[in-house]
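The values are calculated or read from the model by the stated rules, or taken from the named source; none is laboratory data. A quick note: this is a predicted structure, and the numbers were derived from the prediction, not measured. Positions of Cβ are backbone-derived with ideal geometry, glycine not excepted, and every protein chain shown enters the neighbour counts. Just so you know, the surface numbers come from the protein's heavy atoms only, side chains and all, with ligands and any DNA or RNA stripped out. Shrake-Rupley method; radii C 1.70, N 1.55, O 1.52, S 1.80 Å.
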Amino acid sequence: MFKYELEHLCSYTATLHQPLEVIGETPLGLRFNAYISGGEVTGPRVRGRVLPVGADWLTVRTDGVGILDVRATMETHDGALIYLEYGGVMDLGPDGYQRMLSGNPPARTAIQVVPRFITAHPDYLWLNRLQCLNIGMADSPRPQSATTRMRCIQTCVTVVE
């Protein structure tokens, strides 16, 4: 076993347009497209905003596990653009598939993802070398609601030698 530490880089929230785009039941699971409408990035190493571009292409398996596939762009407080991509899981519970299908998902769901950042900005090139870990929560991912907003709260950390 090797020694490691986790360093907090940032936390972020993202709001998704509602209602979610429901593709429906597919051979891979229940499919939703959730387009990003904005958000905020706070933290000791990266801060700024989540731009209103990108999406989460969510697939919910029949066992209630959601497979996240997210692409987004952040703009830092000093104008750097940072591309963000991550995959991971959100556990909607054993009845999550049926709840999402009926438009009644859990009010709050834990998510675990592994983000990567890509940028050309000289002040943030160090981000290109990282594989990060996020642990967060998603609130109210209701596919049929025109008013409910989804808020993902995630903390991005990386291993420090």
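Would a scan of the stretch 86-109 turn up a residue that is of a type in the set (Phe, Trp, Tyr), under 24 Å from PRO52 (Cα atoms) and in a helix (DSSP H, G or I)? Explain how you work it out, then say what you get.
As a first pass, look at the stretch 86-109 and keep what is of a type in the set (Phe, Trp, Tyr): 86, 97.
Subsequent filtering for residues that are under 24 Å from PRO52 (Cα atoms) retains 86.
So of that shortlist, the ones also in a helix (DSSP H, G or I) come out as none.
No, every residue in the stretch 86-109 fails to be of a type in the set (Phe, Trp, Tyr), under 24 Å from PRO52 (Cα atoms) and in a helix (DSSP H, G or I).
Across the stretch 21-36, what is the total count of residues that are without any contact (Cβ under 8 Å) to a residue 40 or more places away in the chain and either open to solvent by 30 Å² or more (accessible area, probe 1.4 Å) or over 14 Å from the mean Cα position of the chain (by Cα) (or both)? Working first, answer last.
We begin by selecting, within the stretch 21-36, every residue without any contact (Cβ under 8 Å) to a residue 40 or more places away in the chain; these are 21, 23-24, 26-28, 31, 33, 35-36.
Filter once more, keeping what is either open to solvent by 30 Å² or more (accessible area, probe 1.4 Å) or over 14 Å from the mean Cα position of the chain (by Cα) (or both): 21, 23-24, 26-28, 31, 35.
Residues that pass the stated criteria total 8.
Where residues in the stretch 1-15 are among the hydrophobic types (A, V, I, L, M, F, W, C) and over 17 Å from the mean Cα position of the chain (by Cα), which of them is least open to solvent (accessible area, probe 1.4 Å)?
Residues of the stretch 1-15 among the hydrophobic types (A, V, I, L, M, F, W, C): 1-2, 6, 9-10, 14.
Adding the requirement that they be over 17 Å from the mean Cα position of the chain (by Cα) leaves 1-2, 6.
Values: MET1: 210, PHE2: 139, LEU6: 97 Å².
The selected residue is LEU6.
When ARG151 is evaluated against the numbered criteria (1) open to solvent by 10 Å² or more (accessible area, probe 1.4 Å); (2) of a type outside the set (S, T, N, Q); (3) modelled with pLDDT of 85 or more, which criterion, by number, is the only one it fails?
(3)
Run ALA110 past the list (1) within 19 Å of VAL41 (Cβ to Cβ); (2) at pLDDT below 95 and report the number of the one that doesn't hold.
(1)
From (1) modelled with pLDDT of 95 or more; (2) over 15 Å from the mean Cα position of the chain (by Cα), pick out the condition that doesn't hold for PRO44.
(1)
Could you grab me the full set of residues in the stretch 100-117 that are loosely packed, with under 14 Cβ neighbours inside 10 Å and farther than 30 Å from GLN131 by Cα?
SER102, GLY103, ASN104 - these are the residues of the stretch 100-117 that are loosely packed, with under 14 Cβ neighbours inside 10 Å and farther than 30 Å from GLN131 by Cα.
Which numbered condition in (1) surrounded by fewer than 18 Cβ atoms within 10 Å (Cβ to Cβ); (2) modelled with pLDDT under 85 is the only one that GLN18 fails?
All conditions are met except number (1).
Residue-wise test of (1) in contact with a Lys or Arg (Cβ under 9 Å, 6 or more places away or on another chain); (2) touching a residue at least 60 places away in the same chain (Cβ under 8 Å); (3) open to solvent by less than 20 Å² (accessible area, probe 1.4 Å).
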| position | (1), (2), (3) |
| --- | --- |
| PRO52 | no, no, no |
| ALA55 | yes, no, yes |
| VAL60 | yes, no, yes |
| VAL65 | no, no, no |
| LEU68 | no, no, yes |
| GLU75 | yes, no, no |
| GLU85 | yes, no, no |
| PRO94 | no, no, no |
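Please state which of the following conditions VAL22 fails to meet, knowing it meets all the rest: (1) closer than 19 Å to MET74 by Cα; (2) out of contact with any Lys or Arg (no Cβ under 6 Å at 6 or more places or on another chain).
The failed condition is (1).
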